[in-house]
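Worksheet: one structure, shown below.
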Amino acid sequence: MSIKERLNFELEVIENTGYPGYFLIVEDFIREARKMDVSVGPGRGSAAGSVVAYCLWITNIDPIKYDLLFERFLNPERVSMPDIDIDFDDEGRGRVMDYVISKYGANQVAQIITYGTMAAKSSIRDTARVLDLPLFDRIAKLIPNVKLKNIFGTDDKSKGKIAALRSEEKDMVNELKAMSEGDGIESETINKAAILEGSVRNTGIHACGVIITPSDITNFVPVALAKDSNMYVTQFDNSVVESAGLLKMDFLGLKTLTLIKDTV
């Protein structure tokens, strides 16, 4: 396949999958980042296989020279969201975000929320605090790297996880089970924690995901204000945002790029 044929093939796939706008937006803010003297990574992951991305200077690695496959990035047989991981130096990342907000409007740009859930130990600690149980760390320390639902589960998967533990960890699990069968505050703590495990405990902001929408973002997803910021965050997390048909851009801030820039 000649370079011209490869380019035509890629452009056709990009057009048929509806992503020309995505490429143009990414090209725009990367070009602006370079103008602002923000260091931009050469590109990595599957996007480095796209000749179109290379010609637009989204990536800086020649896919023809290194025989890289476009299909790993965007496959006409199995259309999945394209994902260009873009690295900026961590000091300049905020300036690129500000540019995107000023260009597309603060009501069309949002970061993505993340939901932190209660793990086994944190559910024990939180429940114990509410029930005023002193010295609750003693119970938390009895939990090996296994979920409470597996410790108390009777299904084959749970039994298999417990069977795979080391002998001293099995002793800890048996002690925890014995405590849970009592009738004091310790057993109440363990049993309530097992119910709470896995529920949402706090929210955060996705390290790099940014959503840009064609019109007001509230037409697409519910939003909230980010903590200590006046920027929107989606109230849907990463998986839901993509299935809602919104395109995620990855703005990664890399200390390494700042370090290289300072050294140069």
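The values are calculated or read from the model by the stated rules, or taken from the named source; none is laboratory data. Keep in mind that this is a model prediction, so the values were computed, not measured. Note that we place each Cβ from the backbone using ideal geometry, even for glycine, and neighbour counts take in every protein chain shown. Just so you know, the surface numbers come from the protein's heavy atoms only, side chains and all, with ligands and any DNA or RNA stripped out. Shrake-Rupley method; radii C 1.70, N 1.55, O 1.52, S 1.80 Å.
Quick check, is Asp67 touching a strand residue (DSSP E or B) at 6+ places or on another chain (Cβ under 9 Å), assigned to a loop (DSSP other than H, G, I, E, B) and acidic (Asp, Glu)? When the stated conditions are applied, Asp67 does not pass them. For segment 225-237, what are the residues that are under 18 Å from Asp98 (Cα atoms), open to solvent by 20 Å² or more (accessible area, probe 1.4 Å) and at pLDDT 90 or above? Once the filter is applied, which keeps residues that are under 18 Å from Asp98 (Cα atoms), open to solvent by 20 Å² or more (accessible area, probe 1.4 Å) and at pLDDT 90 or above, segment 225-237 yields only Tyr232.
Taking first residues from segment 201-228 that are under 26 Å from Asp87 (Cβ atoms) and partners that are open to solvent by 80 Å² or more (accessible area, probe 1.4 Å) and part of a loop (DSSP other than H, G, I, E, B), the Cβ contacts under 7 Å between residues at least 6 apart in sequence or on separate chains come to Thr213/Phe220. Scanning segment 129-141 for residues that are part of a loop (DSSP other than H, G, I, E, B), aliphatic (A, V, I, L, M) and open to solvent by less than 60 Å² (accessible area, probe 1.4 Å) returns Leu131, Leu133. I need a count of the residues in segment 142-179 that are open to solvent by 70 Å² or more (accessible area, probe 1.4 Å) and free of Cβ contacts under 8 Å to residues at least 24 places away in the same chain. Number of matching residues: 14.
Restricting attention to segment 149-195, and to residues there that are polar (S, T, N, Q) and part of a helix (DSSP H, G or I), which single residue is farthest from Ser123 (Cα to Cα)? Top of the filtered list is Ser167. Of all residues in segment 206-249, those satisfying the criterion of being within 16 Å of the chain's Cα centre (by Cα), not in a loop (DSSP other than H, G, I, E, B) and not aliphatic (A, V, I, L, M) are His206, Cys208, Gly209, Thr234, Asn238, Ser239, Glu242, Ser243, Lys248. Residue count for segment 35-85 satisfying the condition of being exposed (fewer than 14 other Cβ atoms within 10 Å of the Cβ), charged (D, E, K, R) and either farther than 17 Å from Asn16 by Cβ or in contact (Cβ under 8 Å) with a residue 40 or more places away in the chain (or both): 6. Looking only at residues in segment 12-34 that are more than 26 Å from the chain's Cα centre (by Cα) and either in contact (Cβ under 8 Å) with a residue 60 or more places away in the chain or over 15 Å from Ser50 (Cα atoms) (or both), the one that is most open to solvent (accessible area, probe 1.4 Å) is Asn16.
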